[in-house]
Structure formats: structure tokens, C-alpha cells
Amino acid sequence: MKRTVFALQSVVAGKDYRLFLRAALKRFPTFMLVWRYPSSYQESARIVRRDLRPLQLHHRRRSRWPGTVVYKDRADVITYRFEEPAMEVLERPGSLFGWLSPSYPEDLAFFGRDKKCAFASVSHEGDAYILDVEFGRALSRRFELVQESVEENDWKEFYDHVA
């Protein structure tokens, strides 16, 4: 069995990034950020962590998260409520792929009401995948997306994670 995903092909920065976040805020109740190298983060990342702390739901130490599997390391994977106060914080990097260490945590992801991953990014690779088909179709009017089919085993390996 195959599942549909939309691979984001365009740069999402500035005004487009803010519009993307607004669309996500209307649809997804939670988001996730990954903190891979806590001791080496710059002040900007530490401020993000402090400012998001009131919205924090879960903090787990993991070797996998949507879009990524690491074999030797673990990272702090933190899930937050996606509410209006988070918008200003999420806008700080200025682009979807601005979530890069050491300035910021990495791999922004959004989760649906069913707690399953609906959007996953791998910041350092410049990859982003929309797993929520309705969200992908709505965004395809504004952003360059490529529809792909993912095998069930690959889906479970990289995207079948819950908030």
C-alpha cells in the first residue's frame, strides 16, 4: 500500500513563511521542534526554548522523529501546543529552513487532532513533506509541491510518529 505526500519544492520565507504558519495554526493543534545539541546552542535558541516553555506538552529523548532516524545519537524532541503566542516565536527564523542549529532548534513538524504527523521538515537537508492531503491541496495553490507516493514501510520508518 502507498500513501500520498506532498514534497515542498519552493523556498518558504518572509511573507510566504508567515502565511504558511497561519494556515498551519488554523489546522494543527500541536507542533514539534528537535534539540540535538543542547550545549552548543546560541542565545537565540535558548530564548526560543524559554519562550515556548509555557506551551510545552511533552519532552522526550529519542533517536527518531518525523523525517529522521539517527543511530548513534539521541535528541530532545519537544512537542508544544500550537496557539497564537507561538506564532511570534515560530516566525523568528524567517523561513521554514531557518530552523538550524546552533541558532535554532531543528525539524519543525505539525500534528493533527489525531496526534499523527501532518507536516515534517528536515531543516539541514532542505526537505519538507506535507502528509495531510487536504492541507497539501490547499497549499498547492500558493507553493510549489510535488505529489509523491510513499511505500507503507517507508511511511512507518519516517513519518508514522505521534505527538
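Does segment 98-116 contain at least one residue that is over 17 Å from LEU139 (Cα atoms), in contact with a Gly (Cβ under 7 Å, 6 or more places away or on another chain) and outside any helix (DSSP H, G or I)? Yes.
Can you find even one residue in segment 2-10 that is among the charged types (D, E, K, R), over 17 Å from the mean Cα position of the chain (by Cα) and closer than 22 Å to ARG62 by Cα? No: zero hits.
Checking each residue in segment 96-114 for being of a type outside the set (Phe, Trp, Tyr) and either without any contact (Cβ under 8 Å) to a residue 40 or more places away in the chain or over 17 Å from ARG3 (Cβ atoms) (or both) picks out LEU96, GLY98, LEU100, SER101, PRO102, SER103, PRO105, GLU106, ASP107, LEU108, ARG113, ASP114.
Those strands (runs of 3 or more DSSP E) of segment 1-94 in which 3 or more residues are in contact with a helix residue (DSSP H, G or I) (Cβ under 7 Å, 6 or more places away or on another chain) and more than 18 Å from ARG113 (Cα to Cα) occupy 2-8.
Considering SER121, SER149, the condition of being in a strand (DSSP E or B), at negative phi and under 16 Å from the mean Cα position of the chain (by Cα) is satisfied by SER121 alone. Scanning segment 128-146 for residues that are assigned to a strand (DSSP E or B), surrounded by 20 or more Cβ atoms within 10 Å (Cβ to Cβ) and aliphatic (A, V, I, L, M) returns ALA128, ILE130, LEU145. ARG49 passes every criterion in (1) in contact with a Ser or Thr (Cβ under 9 Å, 6 or more places away or on another chain); (2) surrounded by 15 or more Cβ atoms within 10 Å (Cβ to Cβ) apart from (1).
Rule-based calculations on the coordinates, nothing more; no lab input. Just so it is clear, the structure is predicted and the values come from calculations on it, not from any experiment. Ideal geometry is used to build each Cβ from the backbone, glycine not excepted, and the neighbour counts take in all protein chains shown.
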